[in-house]
Amino acid sequence: MNLILLGPPGSGKGTQAKFIVEKYGIPQISTGDMLREAVAKGTELGKKAKEYMDAGKLVPDEVVIGIVRERLKQSDCDKGFILDGFPRTIAQAEALDRILDELGKRIDAVINIQVPEEEVVKRIVNRRSCMKCGAVYHLIYKPPKEEGKCDKCGGELYQRDDDREDTVRARYKVYREQTEPLVDYYQKKGLVHDINGTKSIDDVFKDIDEVLAKIKV
Ligand code: AMP
């Protein structure tokens, strides 16, 4: 099962991807996570990406396309994959089509998680992530048991540089302008399934899982 998760920042793509990984045993390919890892390690790629990320802008297409091309060639993607945060532009979607053609694969479904801007802002500015294991918390909806500390590994919780309100609004704008056109792109291919992302995490997953159950692969 080869999936794309579409939706604005803070729509719950990462959270839902983890549920799908658990239930279906296919890997999550998050370009955001891969880029953050490169930034943390201080690699050439990370140095290139950081400026764009901190400003809430998209990293240049050719950079992310290269990362995804290499990742999709790995053998754990043979049984399927979940693309989370990619593609984000029409150029990325077209490149993905070419990569999948080369690999003899195709996308089975695009899950389009819809959440309005004000809800996104409310979610993201209260989001905290674990420095060590990447677990994600929300100060109001899903607070850690002990303030500032990860329930899972005890790591320190921090706010992503791009999770501040002005950056979040910039990211939403970028989403509307550059990523939302992808809904139309994939609708033409008959692949889009709209999901109301304002429900509870469990209910959103139920709705997604209903879609996945119907997909014949
Ligand atoms: P995310 O964790 O998916 O919200 O991504 C965080 C940031 O990484 C984005 O705001 C972009 O700066 C960058 N990024 C992640 N995925 C992509 C992509 N497919 N194309 C361009 N930039 C990306």
- Would you compute the Debye intensity of the range 56-102 from its alpha-carbon atoms alone, equal scatterers and no solvent, and pass along log10 I(q)/I(0) at q = 0.32 Å⁻¹ to two decimals? -1.40
- Query: Roughly what % of DSSP beta bridges within the range 104-217 run antiparallel, to the nearest 5?
  - Reply: 60 percent
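First measure r as the distance between the Cβ atoms of Val183 and Ala40, then evaluate 1/(1 + (r/R0)^6) with R0 = 35 Å and state the FRET efficiency to the nearest 0.05. Before the final figure, lay out each step's value.
Details: r = 32 Å, r/R0 = 0.91.
Calculated transfer efficiency: 0.65.
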- Within the range 1-154: Cβ-based charge dipole about Cα centre, in debye rounded to nearest 20 (Lys, Arg +1; Asp, Glu -1): 500 debye
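I'd like the FRET efficiency for Arg106 and Lys149, computed as 1/(1 + (r/R0)^6) with the beta carbon distance as r and R0 of 41 Å, rounded to 0.05. Don't jump to the answer; show the numbers that get you there.
Numbers: r = 43 Å, r/R0 = 1.06.
Efficiency for this residue pair is about 0.40.
To the nearest 0.05, how large is the calculated FRET efficiency for Leu139 and Tyr24 if R₀ is 30 Å and r is the Cβ-Cβ distance? Don't jump to the answer; show the numbers that get you there.
Numbers: r = 30 Å, r/R0 = 1.02.
Calculated transfer efficiency: 0.50.
Using only the Cα atoms of the range 4-85, construct the convex hull and provide its projected area averaged over every direction, in square nanometres to one decimal. It would help to have the intermediate numbers written out before the result.
Numbers: hull surface 22.2 nm².
Averaged projected area of the range 4-85's Cα convex hull equals 5.6 nm².
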- Item | Where labels lie 7 Å past Cα in the beta-carbon direction, separation of Glu118 and Thr15 in nm | 1.9 nm
- Dimensionless Rg ratio for the range 43-82, taking C-alpha atoms and the 2.2 N^0.38 Å reference: 1.41
- Note on the structure: At the level of C-alpha centres, the distance separating the range 153-193 and the range 37-87, in angstrom, is 14 Å
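Which translational diffusion coefficient, to the nearest whole µm²/s, is obtained for the range 1-51 from the Stokes-Einstein equation, given a Kirkwood hydrodynamic radius over C-alpha pairs, 4 °C and 1.567 mPa s?
106 µm²/s
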- Query: If you bin every alpha carbon distance in the range 30-143 into 5 Å steps from zero, what whole percent lands in each bin?
  - Reply: 2, 9, 17, 20, 20, 17, 11, 4, 1, 0
- Give me the distance in nm between label points sitting 7 Å out from Cα along the Cα-to-Cβ direction at Val63 and Ile201, one decimal. 3.0 nm
- Largest-first ellipsoid semi-axes for the range 154-199, taking √(5λ) over the Cα gyration tensor eigenvalues, angstrom: 29, 16, 9
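On a full-extension model of 0.36 nm per residue, what is the gain between Asp209 and Lys173, subtracting their alpha-carbon distance, rounded to one decimal in nm?
Working: separation 36, 0.36 × 36 = 12.96 nm, distance 2.89 nm.
Value of the extension gain: 10.1 nm.
If we count other beta carbons within 10 Å of each Cβ, what is the order of Arg71, Arg169, Arg128, fewest first? Please report the intermediate quantities before stating the final value.
Details: Arg71 18, Arg169 15, Arg128 22.
Fewest to most other Cβ atoms nearby, the residues stand as Arg169, Arg71, Arg128.
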- In straight Cα distance, which aspartates and glutamates are under 17 Å from Lys145, not counting same-chain residues fewer than 8 positions off? Glu156
- Spread of Cα-to-Cα distances over 10 Å intervals beginning at zero, given as percent, for the chain: 8, 34, 40, 17, 1
- Message: Counting just the Cα atoms, what span does the range 99-217 cover along each of its three principal axes? Round to the nearest Å and put the largest first.
- Response: 46, 31, 30
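Tell me, in nm to one decimal, what length is gained between Asn126 and Arg164 on full extension, where the rule is 0.36 nm per residue of separation less the Cα-Cα distance? Mind dumping the intermediate values first?
On the way: separation 38, 0.36 × 38 = 13.68 nm, distance 0.90 nm.
Length gained, Asn126 through Arg164: 12.8 nm.
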- Spin-label model distance (nm) - Arg98 vs Lys48, 7 Å beyond Cα toward Cβ: 1.6 nm
- Rounded to the nearest 500, what is the chain's calculated 222 nm mean residue ellipticity when only DSSP H runs of at least 4 contribute -39500 (n - 2.57) each, over all residues? -14000 deg cm²/dmol
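Since every read-out is calculated from the coordinates, none of them should be taken as a lab result. In this text the structure is predicted, and so the values were computed from the model without any measurement. Note that we place each Cβ from the backbone using ideal geometry, even for glycine, and neighbour counts take in every protein chain shown.
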